[in-house]
Amino acid sequence: MPFGRSHHRAAPLLAALLALGASVAAQAPEGFDSSRAYAHVRDQVALGPRPAGSPANQKLREYIVRTLARSGYKVVEQPFAASTPVGQVKMANLIATLPGERPERIAIASHFDTKPIDEFRFVGANDGGSSTGVLLELARVLKDRPKPRLTIEFLFFDGEEAWGEWRAPNHTYGSRHYVTAARTAGTLASLEALLLLDMIGDRSLNLRRDTNSTPWLTDLVWATARRLGHGAHFLDEPFPVEDDHIPFLRAGVPAVDLIDLDYADWHQAGDTLDKVSARSLQVVGDVVLAALPEIEARLLKAK
Amino acid sequence: MIDSLIFDWNRIGAPPRPPVVILNDETLRDGLQSPSVRSPGIDQKIRILHLIDALGIGSADVGLPGAGPHVAADVERLVREIADARLSVKPNCAARTHVNDIRPIAEIVQRTGMPVECCTFIGSSPIRQFTEGWTLDWLLRSTEEAITFAVREGLEVMYVTEDTTRANPETLRTIYGCAIGAGATRICVADTVGHATPVGASAVVRFVAQVIKDAGAAVGIDWHGHRDRDLAVINSIAALEAGASRVHGAALGIGERVGNTPMDLLLVNLVLMGYIECDLHHLEAYCHAVSEACGVPIPDNYPVIGRDAFRTATGVHAAAVVKAWKKGDRELMDAVYSAIPASLVGREQEIEVGPMSGRSNVTYWLEKRGIPASEQVVDRVFQRAKASPRVLTEAEILAEVYR
């Protein structure tokens, strides 16, 4: 059930007014709307399983392009052919850019494919769906705000999931392709940070600190979460994760992965819409929005 | 600062600013007489009327109700809209110099309670008189009857002499005397076939001003131009400088044959010359509304409004614009290669990438959109542009960035 519209930027006072039933939404800046993010998750699930190379995956790409176009983004498709255990698979990342005052950029990313599983119908509401829904909503909200100091790049990766067992190089096809292409093009140097979102819709949201992620970036996000009163969802327990951020880290780009792997339906038929909570999407959306200016400030200070 | 960087030769020997400059919009009457236009629906006409008002245009010809009940119904609806929406634009209607055309206007005024100026027209040149078999007596009789009727009905009358720019001065003097005597408050000098040059426009308006002065009447002069020789805008300016106080135009220059004076370009020039003050941010909407409603496409190279008006792909031009951009000076950027600031009409300078482009075009194009611009990327796009017979599309440029 959707959590509904929220305008968290004005924090406790506004929350109190809303609780009293006062309508002050018109005066608040447009906030992250978890009901919109949730609707995106629902729409993705309605497409069925969306593994890389499938017609549903193609339909989802069209959905992402359409959704972003409504907010005024021109989406670029980055097509490539990936060598997988099932042969060559045509994949495509999607990239949308919000120009900032400076050309250096921060990327916010999610994979949009779902794990190819033959044994049962796997629709990846949380794994693939939740973070893609949040990323689409973040793009909408940020477009309506004043121009950011650094450019923001929204990256939608294809082919994160492995065919069968997760063993290199049978995973993270899209992110690896992006990094290789950007390195060749000489554009990786101006990418200053990556915020990766994955599986962030679980009703009981428990984000643990990924030990592969860049410590200062993780610290900053976790501190922001605490500041917003979401500390209970951002646990201090360390654990290592391999995900789409690894190719970036290897290329020297600071990156943080926000992922909740403590999820009973991970890669199970039960990863369905009812497991996704708009409240969790809201928490992550709010934390990312609040962390962005601080990440900008930190990066600009280093210049 | 920009003023100190531009020596404006246009000011050398320039005549003084005309004391009164009013605009009259002919889009919804003469504009619709273009053989190529599709007649807009009433909702589209209302939208256009609102945009005419938003541009601060003083008056608008909303149709010739004598043409039939369908036109009369539209005219009445538009007059009501002006009243209901409290628009500032004043309505007027065309009519032949005949009671049958004037009566429907008077009836609309009765029903709406809104004053509507009656613009009653008659041919005045010898070539027209000869072809039609009109005598001067007939002209005078028609003029007197029609204007007397209109004035008795309480209408303000503008007497429009068709083909004035090819009419004999003595004929004009005689019929204007008659019209003024019958109660006309304005005289419209019509360059009906687009014959005039600026010298001719100036001469005929000065002559008419003298006739009015000799008659001792307080009568204003209108100039109604056509663009057959593509001199319509400059003729209108010449007419104002010679003593006209109201000039006519139609959006995108639509109208009879190749059209009327383009109102949009007339407005822009009058603003740039300091003859009027007006917010031109609605100009694009006005032109596009008329373009869509009338099925008249706007050519890419149409000044100010066309797609290419502030767009360049040439290396030298773009380099100068980009240098101004890098100085962070919008005004400089808008003036260095442009006589008309794009911001005047709410637009921006656009730089494209094509075979004539330099690397600065590519860098600007990418940076403007926040697309990462490394040397390699700029080089890739630059090479592709050099090999292309035309300006690259957005997709072609982005494909080079992310391949």
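Being in contact (Cβ under 8 Å) with a residue 40 or more places away in the chain and either exposed (fewer than 15 other Cβ atoms within 10 Å of the Cβ) or within 10 Å of chain A (Cβ to nearest Cβ) (or both) is the filter here, so list the residues in the stretch B:369-396 that pass it. It would help to see each step written out before you state the result.
From the stretch B:369-396, those in contact (Cβ under 8 Å) with a residue 40 or more places away in the chain are B:391-392; that's our starting set.
Hits for the stretch B:369-396: nothing passes.
From the list A:PHE154, A:PHE80, the lone residue that is farther than 24 Å from A:SER277 by Cα, at pLDDT 95 or above, crowded, with 17+ Cβ neighbours inside 10 Å and within 12 Å of another protein chain (Cβ to nearest Cβ) is A:PHE80.
Looking at the structure I just gave you, is B:SER357 hydroxyl-bearing (Ser, Thr, Tyr), facing chain A (nearest Cβ under 8 Å) and touching a Leu at 6+ places or on another chain (Cβ under 9 Å)?
Values: hydroxyl-bearing (Ser, Thr, Tyr): yes; facing chain A (nearest Cβ under 8 Å): no; touching a Leu at 6+ places or on another chain (Cβ under 9 Å): yes.
When the stated conditions are applied, B:SER357 does not pass them.
Pairing each residue of the stretch A:246-264 that is closer than 23 Å to A:ALA125 by Cα with any residue that is part of a helix (DSSP H, G or I), provided the two are 6+ apart or on different chains, yields C-beta distances under 6 Å for A:VAL256/A:LEU217; A:VAL256/A:THR218; A:VAL256/A:VAL221. Only a single item in (1) in contact (Cβ under 8 Å) with a residue 12 or more places away in the chain; (2) over 20 Å from B:HIS248 (Cβ atoms) is not met by B:ALA95, and it is number (2).
Quickly run through the stretch A:139-151 and pick out the residues that are crowded, with 19+ Cβ neighbours inside 10 Å, more than 10 Å from chain B (Cβ to nearest Cβ) and not basic (Lys, Arg). Scanning the stretch A:139-151 gives A:ALA139, A:VAL141, A:LEU142. Exactly one residue out of B:VAL199, B:VAL208, B:VAL189 is touching a helix residue (DSSP H, G or I) at 6+ places or on another chain (Cβ under 6 Å), free of Cβ contacts under 8 Å to residues at least 60 places away in the same chain and either over 19 Å from B:ASP101 (Cβ atoms) or in a loop (DSSP other than H, G, I, E, B) (or both), and it is B:VAL189. B:LEU366 passes every criterion in (1) hydrophobic (A, V, I, L, M, F, W, C); (2) farther than 30 Å from B:SER236 by Cα; (3) part of a helix (DSSP H, G or I); (4) away from chain A (no Cβ under 14 Å) apart from (4).
May I ask you to verify whether A:ALA182 is away from every other protein chain (no Cβ under 13 Å) and either part of a helix (DSSP H, G or I) or within 26 Å of A:GLU296 (Cα to Cα) (or both)?
On the way: away from every other protein chain (no Cβ under 13 Å): no; either part of a helix (DSSP H, G or I) or within 26 Å of A:GLU296 (Cα to Cα) (or both): yes.
No: the conditions fail for A:ALA182.
None of B:ALA85, B:ALA150, B:ALA94, B:ALA182 is among the small types (Gly, Ala, Ser) and in contact with a Lys or Arg (Cβ under 8 Å, 6 or more places away or on another chain) except B:ALA94. If I filter the stretch A:190-203 for residues that are buried (at least 16 other Cβ atoms within 10 Å of the Cβ), within 14 Å of another protein chain (Cβ to nearest Cβ), aliphatic (A, V, I, L, M) and out of contact with any helix residue (DSSP H, G or I) (no Cβ under 6 Å at 6 or more places or on another chain), do I get at least one hit? Yes; the residues of the stretch A:190-203 include at least one that is buried (at least 16 other Cβ atoms within 10 Å of the Cβ), within 14 Å of another protein chain (Cβ to nearest Cβ), aliphatic (A, V, I, L, M) and out of contact with any helix residue (DSSP H, G or I) (no Cβ under 6 Å at 6 or more places or on another chain).
The single condition among (1) over 18 Å from A:PHE32 (Cα atoms); (2) under 16 Å from the mean Cα position of the chain (by Cα) that A:PRO49 does not meet is (2).
Scanning the stretch A:51-77 for residues that are away from every other protein chain (no Cβ under 14 Å) and part of a loop (DSSP other than H, G, I, E, B) turns up A:PRO51, A:ALA52, A:GLY53, A:SER54, A:SER71.
Matching residues to (1) free of Cβ contacts under 8 Å to residues at least 12 places away in the same chain; (2) within 17 Å of the chain's Cα centre (by Cα); (3) closer than 27 Å to A:THR114 by Cα:
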{"site": "A:ASP198", "(1), (2), (3)": "no, yes, yes"}
{"site": "A:LEU205", "(1), (2), (3)": "no, yes, yes"}
{"site": "A:ARG208", "(1), (2), (3)": "no, yes, yes"}
{"site": "A:TRP216", "(1), (2), (3)": "no, no, no"}
{"site": "A:LEU228", "(1), (2), (3)": "no, no, no"}
{"site": "A:GLY231", "(1), (2), (3)": "yes, no, no"}
{"site": "A:PRO238", "(1), (2), (3)": "no, no, yes"}
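Candidates are the residues of the stretch B:140-174 that are surrounded by fewer than 22 Cβ atoms within 10 Å (Cβ to Cβ) and of a type in the set (A, V, I, L, M, F, W, C); the one that is farthest from B:ARG111 (Cα to Cα) is B:LEU172. In the stretch A:129-136 there is at least one residue that is under 17 Å from A:GLY72 (Cβ atoms) and in contact with a Leu (Cβ under 8 Å, 6 or more places away or on another chain).
Of the helices (runs of 4 or more DSSP H) contained entirely in the stretch B:259-326, those carrying at least 1 residues that are touching a residue at least 12 places away in the same chain (Cβ under 8 Å) and aromatic (Phe, Trp, Tyr) fall at B:283-294, B:315-326. The residue that is surrounded by the fewest Cβ atoms within 10 Å (Cβ to Cβ), counting only those in the stretch A:251-288 that are within 24 Å of A:LYS115 (Cβ to Cβ) and among the charged types (D, E, K, R), is A:ASP274.
Looking only at helices (runs of 4 or more DSSP H) that fall completely inside the stretch B:40-146, which ones have 3 or more residues that are among the charged types (D, E, K, R) and more than 15 Å from B:THR27 (Cα to Cα)?
Details: elements: B:42-54, B:69-84, B:99-112, B:126-132.
Ranges flagged: B:69-84, B:99-112.
How about the stretch B:352-391: which of its residues are modelled with pLDDT of 95 or more and either among the β-branched types (Val, Ile, Thr) or assigned by TED's automatic domain parsing to the domain that holds B:HIS282 (or both)? B:VAL353, B:VAL362, B:VAL377, B:VAL378, B:VAL381, B:VAL391, listed by residue number.
Take the residues in the stretch A:105-138 that are within 23 Å of A:ARG70 (Cβ to Cβ) and among the acidic types (Asp, Glu); name whichever of them is surrounded by the fewest Cβ atoms within 10 Å (Cβ to Cβ). It comes out as A:GLU137.
Here is a yes/no grid of residues against (1) modelled with pLDDT under 95; (2) of a type in the set (A, V, I, L, M, F, W, C); (3) in contact with a helix residue (DSSP H, G or I) (Cβ under 6 Å, 6 or more places away or on another chain):
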{"site": "B:ARG227", "(1), (2), (3)": "no, no, yes"}
{"site": "B:ILE234", "(1), (2), (3)": "no, yes, yes"}
{"site": "B:GLY243", "(1), (2), (3)": "no, no, yes"}
{"site": "B:HIS248", "(1), (2), (3)": "no, no, no"}
{"site": "B:GLU256", "(1), (2), (3)": "no, no, yes"}
{"site": "B:THR261", "(1), (2), (3)": "no, no, yes"}
{"site": "B:ASP264", "(1), (2), (3)": "no, no, yes"}
{"site": "B:GLY274", "(1), (2), (3)": "no, no, no"}
{"site": "B:HIS281", "(1), (2), (3)": "no, no, no"}
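Every residue, every condition in (1) of a type in the set (Val, Ile, Thr); (2) surrounded by 17 or more Cβ atoms within 10 Å (Cβ to Cβ); (3) under 19 Å from the mean Cα position of the chain (by Cα), yes or no:
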site: B:CYS178; (1), (2), (3): no, yes, no
site: B:CYS188; (1), (2), (3): no, yes, yes
site: B:VAL247; (1), (2), (3): yes, yes, yes
site: B:ILE254; (1), (2), (3): yes, yes, yes
site: B:THR261; (1), (2), (3): yes, yes, yes
site: B:ASN269; (1), (2), (3): no, yes, yes
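Total residues in the stretch B:227-245 satisfying the condition of being surrounded by 22 or more Cβ atoms within 10 Å (Cβ to Cβ) and assigned to a helix (DSSP H, G or I): the figure is 9.
The values are calculated or read from the model by the stated rules, or taken from the named source; none is laboratory data. Owing to the predicted nature of the structure, the values given are computational and were not obtained by experimental measurement. Note: ideal-geometry Cβ built from the backbone for every residue, glycine included; neighbour counts use all protein chains shown.
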